[in-house]
Amino acid sequence: MSNPLRRAFFDRTNLTNVDSRKEVPLRRKFGETSAIPNKRARLDTSTTTEERILDTRRNLSETPFRKLKIKQKYGYYSKGVTTSLSSRPILSSFVSSQKSDRYCLHLRDDINTHSVAFSCSFSRGAKRGTSTLLSIGTQDGAVEILNTKSRLDWEAEPQRNILQIHDSAIFDLKYSLDDEYIATASHDSSCRITSLSTQQCTAVLVGHTGSVKSLDWFPDHNSLLCTGARDGSIRIWDIRCSSLKTTVSNGISPSYVIHDAHAENTSTEKKKKAASIKGITSVVIIPGTSEIVSSSSSDGPRTLLIRYRKLRHWDLRYVKDCWTVTDLGGNLDDPTLASGLRSRGVSGLALGSNLSAGYIWSIAADSRYTLPLKAPYSYQPKAFSHPNLTVKSFYVKLAASPCGRWLACGSSSGGTYIWDVNDRSSSSPIELISSTKEVGSLDWAFDTLATCCDDGTVRIWRPNLDIASQCRANPEEEKWNWFWSKDL
């Protein structure tokens, strides 16, 4: 560091107790040339941060999806204030074609009967924007792989690839990290790993005594995955064990098992026998760690007015000791909570990424909102609610977009609701309605959303500002060709 400017810049002692309103070396007003090469000009601190934010929002009001960072720097240290402009105009432009964005599912034994989709998942490449593959898990144990690329209404649908993996319903499925394999969780108490290149089953995961409800691959390992089942257990699997002597009944046994993961600590043996098994409804793995967050079908004390949802946070290094993440899960305006003593649980979990990294969203099975948790280190709850959102079954799920900004949730009333979780100016959702049947599973790709409805259809939603404006201008004419979003 022979340059005196560089020595002054990195010498912390020369920059302490400096009046930020005075002109000092290395500090220039906004618009002047910086004295340091390749360094950005400093902001003028004579105005307050709030005034600069308001001026910036007015200047960038026509660019809703930009993220501007404004920083105040005091010597060596810096204080950052980030403003995130609303992406609501983009969400309001989501449309779905009545023809090219609608995919019908049929039973393998009767093509005239619709098959219900219990799960769906975009490939890892689709989440990055390099692919358009969507896999659907049906009620008869088949996986239908769809090519969801945008096409004109008169163009034929690309050929589907149908894999008959199970004989019972598939409740969850996930692509591996390299998109070479797909893991499926089924009602037959097993999970299967299928190679997409050979279309052959490479491993069968056996050990659960109830239907497997959820699974997730470890984000940093292509051979490890976690499952949760109705028997109340969470199991860790290593598919490399297929070549070792750890197989039972022609399948791979789990590497580790957490029995009765959501069981309460009871004092007497009588209470233990009387307690019902709390089935696992969802498991997610926190990236970069060996930690798992799980939810169950019934959790929390039974009170008349307020219920506490409980999520269990596990560290596989010390699995005997778990943290219980408790969130206030009662909506006093919901009539289902005003009577009865039934303990209700969590239907699904969604893990945030990028802009929402570190957040986990959960949706309760009897409430009309979703609740984000800053897990696992701090608790900052915020409810997203709307009267039209109802959840009456554990098949209703939610999903976070790859950008981490949007949260989509199905509904028993037949709609899909999307929030911009970073928009502090509005908490009302965008509504997508294409049917009156329940919307259960859904998933995000890079710029599209797939929703599965109980009428046997899968629908793709894409942002298109021109079509959305046209539909709102001529709703009677365009309702035969398009479904479009509704701003609530």
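The values are calculated or read from the model by the stated rules, or taken from the named source; none is laboratory data. Note that the structure is a prediction, hence the values are computed from the model and not measured. All Cβ positions, even for glycine, are placed from backbone atoms using ideal geometry, and neighbour counts span all protein chains on display.
Return yes or no: is L196 free of Cβ contacts under 8 Å to residues at least 60 places away in the same chain, crowded, with 22+ Cβ neighbours inside 10 Å and not basic (K, R)?
Values: free of Cβ contacts under 8 Å to residues at least 60 places away in the same chain: yes; crowded, with 22+ Cβ neighbours inside 10 Å: no; not basic (K, R): yes.
Considered against the rule, which asks whether it is free of Cβ contacts under 8 Å to residues at least 60 places away in the same chain, crowded, with 22+ Cβ neighbours inside 10 Å and not basic (K, R), L196 comes out as no.
Quick one: is T202 part of a loop (DSSP other than H, G, I, E, B), β-branched (V, I, T) and either modelled with pLDDT of 95 or more or not assigned by TED's automatic domain parsing to the domain that holds S255 (or both)? Before the answer, list the steps.
Working: part of a loop (DSSP other than H, G, I, E, B): no; β-branched (V, I, T): yes; either modelled with pLDDT of 95 or more or not assigned by TED's automatic domain parsing to the domain that holds S255 (or both): yes.
In short, no.
Looking at D321, is it at pLDDT below 85, in a loop (DSSP other than H, G, I, E, B), assigned by TED's automatic domain parsing to the domain that holds Y256 and among the acidic types (D, E)? Lay out the reasoning, then the answer.
Numbers: at pLDDT below 85: yes; in a loop (DSSP other than H, G, I, E, B): yes; assigned by TED's automatic domain parsing to the domain that holds Y256: yes; among the acidic types (D, E): yes.
Yes; evaluated as a whole, the condition is true for this residue.
Only residues that are surrounded by 14 or more Cβ atoms within 10 Å (Cβ to Cβ) and either hydrophobic (A, V, I, L, M, F, W, C) or at pLDDT 95 or above (or both): list them for the stretch 473-484, please.
Within the stretch 473-484, the subset surrounded by 14 or more Cβ atoms within 10 Å (Cβ to Cβ) is 478, 481-484.
Residues satisfying the conditions are W482, F483, W484.
Listed here are the residues, each with its yes/no results for (1) of a type in the set (A, V, I, L, M, F, W, C); (2) under 19 Å from D454 (Cβ atoms); (3) surrounded by fewer than 21 Cβ atoms within 10 Å (Cβ to Cβ).
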{"residue": "H114", "(1), (2), (3)": "no, yes, yes"}
{"residue": "A117", "(1), (2), (3)": "yes, yes, no"}
{"residue": "F122", "(1), (2), (3)": "yes, no, no"}
{"residue": "T130", "(1), (2), (3)": "no, no, yes"}
{"residue": "I136", "(1), (2), (3)": "yes, yes, no"}
{"residue": "T148", "(1), (2), (3)": "no, no, no"}
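For the stretch 67-163, give me every one of the strands (runs of 3 or more DSSP E) that falls completely inside it and has 3 or more residues that are at pLDDT below 95 and more than 30 Å from S186 (Cβ to Cβ). Please lay out each step first, then the result.
Working: elements: 67-74, 77-84, 94-97, 102-104, 117-122, 133-138, 142-147.
The qualifying strands (runs of 3 or more DSSP E) are 67-74, 77-84.
Look at S189 and say whether it is assigned to a loop (DSSP other than H, G, I, E, B) and either farther than 19 Å from R240 by Cα or not hydroxyl-bearing (S, T, Y) (or both).
Values: assigned to a loop (DSSP other than H, G, I, E, B): yes; either farther than 19 Å from R240 by Cα or not hydroxyl-bearing (S, T, Y) (or both): yes.
When the stated conditions are applied, S189 passes them.
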